[in-house]
Amino acid sequence: MAAPDLPTGGLPTASLPTADPAAPGFAPEIRARPMALYVHWPFCASKCPYCDFNSHVADSIDQDSWRRAYLTELDSWAPALAGRRLTSIFFGGGTPSLMDPDTAAAVIGRAREIWPDNPGADLEITLEANPNSAEAARFEALRAAGINRLSLGVQALDDSALAFLGRTHSAAEAQAAVTRAKAHFPRVNADMIYARPGQTITAWQEELARLMGEGLGHLSLYQLTIERGTPFFSAHRRGDFTLPSDDDQAGLYLATGEVLARAGLAAYEVSNYARADEQCRHNLTYWRYGDFLGIGPGAHGRLLLAGTALATENYRAPADWLAAVGRCGRGIKEETPLTAMVRAQEMVIMGLRLEVGITAADFRAVTGGDFTDYLDRAAMARLTQGGYLSRQRGRLKATPEGRLRLDSVIASLLGTARRGS
């Protein structure tokens, strides 16, 4: 899972504030504020037809140049983020298992040097990988580099579905990779895509049962969406395939929860299921509206610096990012101060994805106000009365019925359903 896109306002890049306690507006508690680190590796062996992530196919990759650039960008952030408590590192992409394990080890080592306050045993370090045989052969080296959580892009356990999705591995390879990963990593996640053309509930339940037979403690399960600019977007418009109806998609979603609940995995977020001790700490930082630093091409970040909430966005093209890092030490294209209204909107968009929702105390800490100060009060009352929202004991959350139509619920709360924007 890549770092989530954040709205940016086209402001020119400026010098970021440092963590100097004498600086105007500096709050001492910011020094120990928890923070996650996202590292974007932009390269893939091939481009999947459904993917709109920032990924590129390259004939050759200068691993040494990329290693130096990552370390340079990390170093450039050290003064502004001194004293932060690093809670997780996530290598996303792209296909970061194509990264030289020495590069991953160097990034991890430098991050621990800059932010040493969190005990190493308590640092969640995730890397995304494909389950083909060639990449599975690198698992031992990646574990030695410091990765302690592997996220495998299984996507399907049906060979015809894998071919449709443009994947280069087979179902047998995927299951073998899961088994191999579990032998090397303390925690393993599998990504799957469902609501595929022609997919039945029975077939999906069988795929899930096979995965559960591997003893996984975490699954990320995403409904297939058609993204503009992808080959699937053009093929879908031509009528080459159709997606399941809304009712069928809802049936698949409900069946997912039932199968995984029986296996001991609870839905803690709309698309993520885990045993209690295996929830993804890094992604929880996004959904709880915590601070995260993004490095690498196209990486986004959200940081509280010297009392100002900022969204950062790096140059997307690998060559542009490398050039920017070479010029000024970091690849930032834009940095945008986040108003209280924007923070409220983003917190609702992210936080209502969680099964536990958002507490009023957390919302006030981020925005300075109450839910009713920023959200459509009439919509909130209507959605609560209709059984789509729950607001009890200082917590706003989507009900199971509300999570089935979460996009519409959020649009109503933010007023965008009425404005059509």
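Read-outs throughout are calculated quantities, based only on the coordinates presented, and are distinct from any laboratory measurement. For clarity, every value in this text was computed on a predicted model and none was experimentally measured. Cβ atoms come from the backbone with ideal geometry, glycine included; neighbour counts cover every protein chain shown.
Quick notes on this structure:
- Alpha-carbon radius of gyration plus Dmax, which is the widest Cα pair, for region 166-270 in Å: 15.1, 45
- A dipole drawn for region 28-285 from +1 and -1 charges on Cβ atoms has a positive end, and of G166, A129, Q279 the residue lying farthest that way is Q279.
- Virtual paramagnetic centre 7 Å along Cα→Cβ of R85, amide N under 19 Å, in region 247-281: 279-281
- Area projected by the alpha carbon convex hull of region 28-285, averaged over all directions, nm²: 14.5 nm²
- Simple spin-label estimate for D117 and D277 in nanometres, 7 Å along Cα-Cβ: 2.7 nm
- Projected label points at E355 and A317, each 7 Å from Cα along the beta carbon direction, are separated by 4.5 nanometres.
- For q = 0.11, 0.14, 0.26 Å⁻¹, Debye-computed log10 I/I(0) when each Cα of region 286-375 counts as one equal scatterer: -0.37, -0.56, -1.24
- Set of aspartates and glutamates with alpha-carbon distance to K182 below 13 Å, sequence-local pairs under 8 removed: E140, E214
- Converting phi to 3J(HN,Hα) with the Karplus coefficients 6.51, -1.76 and 1.60 and the offset θ = phi - 60°, region 347-364 yields 5, 5, 4, 7, x, 6, 6, 6, 4, 7, x, 10, 7, 4, 5, 5, 4, 5 Hz in sequence order, with x at every glycine or proline.
- Using a 4.7 Å Cβ-Cβ cutoff, the cysteines of the chain lacking any partner cysteine are C44, C280, C328.
- Coarse-grained scattering of region 369-421 at q = 0.20, 0.22, 0.24 Å⁻¹, given as base-10 log I(q)/I(0) from a Debye sum over alpha-carbon atoms: -0.65, -0.78, -0.92
- Taking region 28-285 and dividing mean pair separation by its residue count, relative contact order in percent (alpha carbons under 8 Å, at least six apart): 18 percent
- Length gained when the stretch S234-D373 is fully extended (0.36 nm per residue, less Cα-Cα span): 45.9 nm
- Amide hydrogen proximity for Q155: with H placed 1.01 Å from N in the peptide plane, the residues at 5 or more positions away or on another chain lying under 5 Å are D191, M192, I193.
- Residue-by-residue Karplus 3J(HN,Hα) for region 227-235, coefficients 6.51, -1.76, 1.60, Hz, glycine and proline x: 9, 4, x, 9, x, 5, 4, 5, 5
- Hits among aspartates and glutamates - C-alpha to C-alpha of K397 under 16 Å, sequence gap 8 or more where chains match: E269, E346, E355, D362, D370, D376, D407
- Residue-averaged 222 nm ellipticity for the chain, from DSSP H runs of 4+ at -39500 (n - 2.57), nearest 500: -11000 deg cm²/dmol
- When the Gaussian network model of the chain links Cα atoms closer than 10 Å, the mean-square fluctuations of A190, A181, A45 top out at A45.
- Label-to-label distance for I226 and A381 is 4.0 nm, based on points extended 7 Å past Cα in the beta-carbon direction.
- Taking the Cα centre of region 28-285 as origin and assigning +1 to Lys and Arg Cβ atoms and -1 to Asp and Glu Cβ atoms, the resulting dipole is close to 420 debye.
- For region 311-390 versus region 111-150, the gap between their alpha-carbon centres in whole angstrom: 28 Å
- Per residue, the Cα convex hull of region 91-132 amounts to 77 Å³.
- Listed values for region 388-399 are Karplus-derived 3J(HN,Hα) couplings in whole Hz (6.51 cos²θ - 1.76 cosθ + 1.60, θ = phi - 60°), namely 9, 10, 10, 10, 9, 6, x, 9, 9, 8, 7, 6, and x replaces Gly and Pro.
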